[in-house]
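The values are calculated or read from the model by the stated rules, or taken from the named source; none is laboratory data. Because the structure is predicted, anything quoted here is derived from the model rather than measured. Here the Cβ is made from the backbone with ideal geometry for all residues, glycine too, and neighbour counts use every protein chain on show.
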Amino acid sequence: MICHIVLPEAVKIAIRSSIFIKLADIMFDTSHIHPMIVHFPIATIFIGFIIEIISHLFRKEQWLRKLSLYFMILATISAIAAVLSGGLFTDESKFSGAIVQIKEQHQLFGNITMMLIIGACLLRLFMVFDEREDSWLKWIVLLIYFLSAIAVFVTGLYGGTMVYNYMIRS
């Protein structure tokens, strides 16, 4: 039996209209991928770091440790995605003049953020699997997490400077 999907006439008109097609072109422009992704590592690193601190204050609450770990894993994945999307989908032809130096600093701190959060996550996973969550290593993880929060702040500062001082005004 063959199933046919019957679309209402209004949907057919919307699909054929140039407004819908132009909206689809804007939404799927690959240069928009990086700006859509970058907010995830910013949020997950900051929120995860706060949860990590709270989990140290309330050590008996196992769910906080797990939540902190989940946020760290999510932050790591999203940081990798942000760095990759910045490198793969950013149109380099848009950059000339003073913005080039800002872009290079943005990339540098993006890479630093990614490496720090990867390091913190790998160390934290080692602690979980080796059953060393209460060892002195937890303080190293907290320090690296803190440094990644600072790095993602600086990365965002450079990214915001590029967008608001050079790209939006041009």
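Quick notes on this one:
- Residue 146 fulfils the conditions (1) farther than 27 Å from residue 68 by Cβ; (2) of a type in the set (A, V, I, L, M, F, W, C); (3) modelled with pLDDT of 85 or more; (4) surrounded by 15 or more Cβ atoms within 10 Å (Cβ to Cβ) except for a single criterion, (1).
- Residue list for region 53-97, filter: in contact with a Leu (Cβ under 6 Å, 6 or more places away or on another chain) and among the acidic types (Asp, Glu): none
- Hits in region 62-102 - residues which are modelled with pLDDT under 85 and farther than 19 Å from residue 115 by Cβ: 89, 90, 91, 92, 93, 94, 95, 96, 97, 98, 99, 100
- In the condition set (1) within 21 Å of residue 140 (Cα to Cα); (2) surrounded by fewer than 20 Cβ atoms within 10 Å (Cβ to Cβ), residue 121 is compliant with all but (2).
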